[in-house]
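Quick note: the coordinates plus some simple rules give every number you see, no bench work behind them. Remember, predicted model here, so these are calculated numbers, not experimental data. No Cβ is skipped: glycine too gets one built from the backbone with ideal geometry, and neighbour counts run over all protein chains shown.
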Amino acid sequence: MPMSKGEKGSYAIMFAASISIIMLVFSLAVDVGGAAIRRHRAQIAADAAAFAAAQSVDLDRLFTDNQIVLNTSEAAANAGRYASINGGESIAVTAVYVQDNYVCVTAASTYRTYFLAGIGRSSLPIRVRSCAKPLQGIEYEGQGQSLH
Amino acid sequence: MTSPRFSIRERGTATMELAAILPFMALLLSAVVAFGPFVHMRIAAQQAAYDCAFSAAQSLDPGQGFLQGMLTGQQSFRSFGLKSADATVLVRGSWGRTGQVTCTVTYLVPAAFPFKKIVHMPGSVQASVTLPVQQWKSEWR
């Protein structure tokens, strides 16, 4: 028995539906994967920023009573510099502070989506936080050397 | 056995539709399948570069810092289940109290990577991290 007019279009609809689903999965894979890479890079930039900021502490206070007192402006400058070097221009350090004897940094970035823009999400916000402890230890007398 | 519902002409049309759509579907699915491991490689490269730089920055001695960075970068790759033999870890910098070190990690995407040729994957992934040398402690010396 031949198909009715309504049945004739069913294959086209099925293919259109399956292609739409596959396209959606593909779009999600690209944008979620891209956002994961971007977030990880932002986290590394925040780690580097915290590590750099932790170098800007008052050494006397650290040695005498193990208190971390930040040179705020220098720490912020260092954090911003290393966040930018490692995370690119799109990352911004939003705060540098001391918490529980750790120097902490929060940073924000955005990921520009490729496909999710089609459903109104042209970018995804990324917020990261990292803390580092300034360490005191063995002194090394020397001017340092370069190795390229 | 043929279905009594469709005429030969209608079945031919469905086959044509399937044949037309199948390569496109296969390409999309290949891209989806290949993208996961690619994300994994990118993240591994970024992490290895950070681990390398962090370790290299713990020493004020160039030789020691270089060695620490190199070994840690390769170890980091292995911890991601990737072959460190396919990775190049480059450590350079100035190991002084105001110096900074940079680790650049390049991972060659294996030739046998799934769908590499179909979806035109890049031949390698690269990541670079720069850190100031740890001023107040040289823990590993």
Seminar exercise, completed: Among A:ALA48, A:ALA12, A:ALA35, the residue whose Cα sits farthest towards the positive end of the charge dipole of the range A:1-102 (+1 at Cβ of Lys and Arg, -1 at Cβ of Asp and Glu, taken about the Cα centre) is A:ALA12
Problem set entry | Net charge, A:GLU89 excluded, C-beta distance under 15 Å - Lys, Arg +1, Asp, Glu -1 | +4
Exercise. How much net charge surrounds A:ALA50 when only the other residues with a Cβ under 13 Å from the Cβ of A:ALA50 are counted, with Lys and Arg +1 and Asp and Glu -1?
Worked result: +2
